[in-house]
Amino acid sequence: MLIRFLGVGLLLGGLLAGCATNAPMSDEEVVTKKAQSWIDALLAHDYDAAYNFTAPGFKSRVSTRSYQKRYAGSGSWVKGWVDSIACKDSSCEVTVKITYRIKGTEVTANTVMKDTWVHVDRQWWLYHKK
């Protein structure tokens, strides 16, 4: 009887834990994940993948080739990460920190980029003004 009780308790606990992990992610969580994936694509020099995170309106004006030129300096990036995020309504302001290698040296430095992500057609997109 005790074993059956423990078994049912473990089963219910597992089901409840499973439900908790399937909860929808917050906007901040979704955008943080997307922003980090965008950074990772640039670190891997996968400009096509990075370009795919940009808003449809931007893609209608800027080619993949132009986008690659825009981030040509990312070849010196050593690492990058989402440092902070603040979402309001249908946009999020994301602060990204990048560590890069100074050309011709082994010295590294850090820089900060601020990006805006917008929610359009049920998706979050990286918004570039130009």
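Laboratory data are not the source of any read-out in this text; all were calculated from the coordinates shown. Remember, it's a predicted structure, so these values are computed and weren't measured experimentally. Cβ sites come from the backbone with ideal geometry, for glycine too, and all protein chains shown count toward neighbours.
Add +1 for every Lys or Arg and -1 for every Asp or Glu among the other residues with Cβ under 12 Å from the Cβ of Glu28, and state the total. Display every interim value, and only then the final one.
On the way: positive: Lys33, Lys34, Lys88; negative: Asp27, Glu29, Glu93.
In short, 0.
How much length would be gained if the chain were fully extended between Thr95 and Lys130, taking 0.36 nm per residue of separation minus their Cα-Cα distance, in nm to one decimal?
Values: separation 35, 0.36 × 35 = 12.60 nm, distance 1.87 nm.
10.7 nm is the gain from fully extending Thr95 to Lys130.
Please give the net charge around Lys114, taking every other residue with its beta carbon less than 11 angstrom from that of Lys114, where Lys and Arg add +1 and Asp and Glu add -1.
On the way: positive: Lys97; negative: Asp83, Glu93, Asp115.
So the environment of Lys114 carries a net charge of -2.
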